[in-house]
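The values are calculated or read from the model by the stated rules, or taken from the named source; none is laboratory data. The structure presented is a predicted model; accordingly, all values stated were derived computationally and were not measured. In this analysis, Cβ positions are derived from the backbone assuming ideal geometry, glycine residues included, and neighbour counts consider all displayed protein chains. Side chains are part of the model used for accessible areas, which takes the heavy atoms of the whole protein and leaves out ligands, DNA and RNA. Shrake-Rupley method; radii C 1.70, N 1.55, O 1.52, S 1.80 Å.
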Amino acid sequence: MQAIALDRFGGPETLALRKLPVPTIGPDEVLLRVEVAGVGEWDPFEREGGYAQMLGLAPQFPYVLGSEGAGTIVAVGGQVSRFREGDRVYALGFLNPRGGFYAEYAAVNADLVSSLPGTLTLEQAAVMGGVGITALRGLEDTLRLKQGESVMIFGASGGVGHMAVQLARRMGARVLAVASGDDGVALVERLGADAAVDGRKADVLAAARAFAPEGLDAALLAAGGEAAQQALLAVRDGGRAAYPNGVQIEPQARSAVQLSSYNGEPDAEIIGRLNRLIESGSFDVEISRTFPLAQAAEAHLALGRHHLGKLALRVT
């Protein structure tokens, strides 16, 4: 099979198109013929060896990146009963030792595989798993957001953020979206944010205080920096704030605000929750650009430039 593989950790130049064996599957796995892979915001950190060092992993080279994708099941392990050959699905596999989705085939644990939810296209489903679960872990499991509460989503036009805007609205919250650029503001307004501001130009603290005069109940920070730090001052005493591990610069909050970091780890239970929320109404996954598999290095460079939502790789 064709795959983008690393022979060593490093910069985008280490991403090379290679011919590798198709992975074999275990009894609890399926073999997915990947059509589209998501390009995760966390992929460059993995490419540089950050996770291997942080978690004490012993990587096997050639190393295939990619923690999310979608396509068609072509083989099913003996213990798998939920899926059949020919099923169109999306799947997750963060740090999968069998290899990631930057390849024509991926072996994936069946618990991390799902039918396409709602009216999402295969391309949309391919890129939304990681960011959707990260958003939901933050809103529901960490912030424990309640109906009627006010929440600020900072970094709202990015991958995690634009999912969080829609999920928070489905949970019945009032959403202040802090986006990036005029196009980012237009996106989050279209996605249903109750109010939206450009974090690059606007006084975010003033906007937050106007949105919630008695203080925000909660904040989800999908991005960091000085503006995010200032915005946290609008969270009321006793309020909550959360950010996914990996956000730079790590936010700080006064002692009266409960600040938590968390991981967006996938499992069958939260995939089911995410699917149900997506299926409860119209839902959009923004893909700003799709690259051919051979241009994975360019896709990684594009992660560092202004873009909305997600980036994708067309594999087959």
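Results, tabulated for the structure shown:
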| read-out | value |
| --- | --- |
| Meets criteria (of a type outside the set (S, T, N, Q), under 22 Å from the mean Cα position of the chain (by Cα) and surrounded by fewer than 17 Cβ atoms within 10 Å (Cβ to Cβ)) for Gly281 | yes |
| Hits in region 33-46 (condition: out of contact with any helix residue (DSSP H, G or I) (no Cβ under 7 Å at 6 or more places or on another chain) and not in a loop (DSSP other than H, G, I, E, B)) | Arg33, Val34, Glu46 |
| Any chance Arg276 is closer than 16 Å to Thr119 by Cα and exposed (fewer than 14 other Cβ atoms within 10 Å of the Cβ) | yes |
| Output for region 11-26, where each listed residue is more than 23 Å from Gly49 (Cβ to Cβ) and open to solvent by 70 Å² or more (accessible area, probe 1.4 Å) | Lys19, Pro21, Thr24 |
| Odd one out for Val80 among (1) over 22 Å from Gly304 (Cβ atoms); (2) assigned to a strand (DSSP E or B) | (2) |
| First in region 171-182 and among the basic types (Lys, Arg) and at pLDDT below 95, second anywhere and outside any loop (DSSP other than H, G, I, E, B) and open to solvent by 10 Å² or more (accessible area, probe 1.4 Å), Cβ under 7 Å, 6 or more apart | none |
| Complete set of residues in region 141-171 that are open to solvent by 10 Å² or more (accessible area, probe 1.4 Å), over 20 Å from Ser280 (Cβ atoms) and either of a type in the set (Ser, Thr, Tyr) or outside any strand (DSSP E or B) (or both) | Thr142, Gly155 |
| Odd one out for Ala223, checked against (1) modelled with pLDDT of 95 or more; (2) touching a strand residue (DSSP E or B) at 6+ places or on another chain (Cβ under 7 Å); (3) not polar (S, T, N, Q) | (1) |
| Of residues in region 206-221 being in contact with a helix residue (DSSP H, G or I) (Cβ under 6 Å, 6 or more places away or on another chain) and in a helix (DSSP H, G or I), the one nearest to Leu176 (Cα to Cα) | Ala208 |
| Considering residues of region 254-273 that are open to solvent by 50 Å² or more (accessible area, probe 1.4 Å) and out of contact with any Pro (no Cβ under 8 Å at 6 or more places or on another chain) only, the residue nearest to Val131 (Cα to Cα) | Glu265 |
| Hey, Gly118 of a type outside the set (S, T, N, Q) and part of a loop (DSSP other than H, G, I, E, B) or not | yes |
| Residue tally, condition part of a helix (DSSP H, G or I) and either touching an Asp or Glu at 6+ places or on another chain (Cβ under 6 Å) or open to solvent by 40 Å² or more (accessible area, probe 1.4 Å) (or both), over region 284-301 | 4 |
| Residues that are touching an Asp or Glu at 6+ places or on another chain (Cβ under 8 Å) and assigned to a strand (DSSP E or B), drawn from region 10-27 | Ala16 |
| Single condition Phe94 does not satisfy, out of (1) modelled with pLDDT of 95 or more; (2) aromatic (Phe, Trp, Tyr); (3) over 24 Å from Val185 (Cα atoms) | (1) |
| Odd one out for Val30 among (1) assigned to a strand (DSSP E or B); (2) under 22 Å from Leu122 (Cβ atoms); (3) open to solvent by 20 Å² or more (accessible area, probe 1.4 Å) | (3) |
| Condition check for Ala177: surrounded by 24 or more Cβ atoms within 10 Å (Cβ to Cβ), in contact with a strand residue (DSSP E or B) (Cβ under 6 Å, 6 or more places away or on another chain) and in a loop (DSSP other than H, G, I, E, B) | no |
| Residues located in region 222-246, provided they are free of Cβ contacts under 8 Å to residues at least 40 places away in the same chain, surrounded by 14 or more Cβ atoms within 10 Å (Cβ to Cβ) and assigned to a loop (DSSP other than H, G, I, E, B) | Gly224, Gly225 |
| Candidates Leu136, Leu116, Leu65, filtered to the one that is touching a residue at least 12 places away in the same chain (Cβ under 8 Å) and surrounded by fewer than 22 Cβ atoms within 10 Å (Cβ to Cβ) | Leu116 |
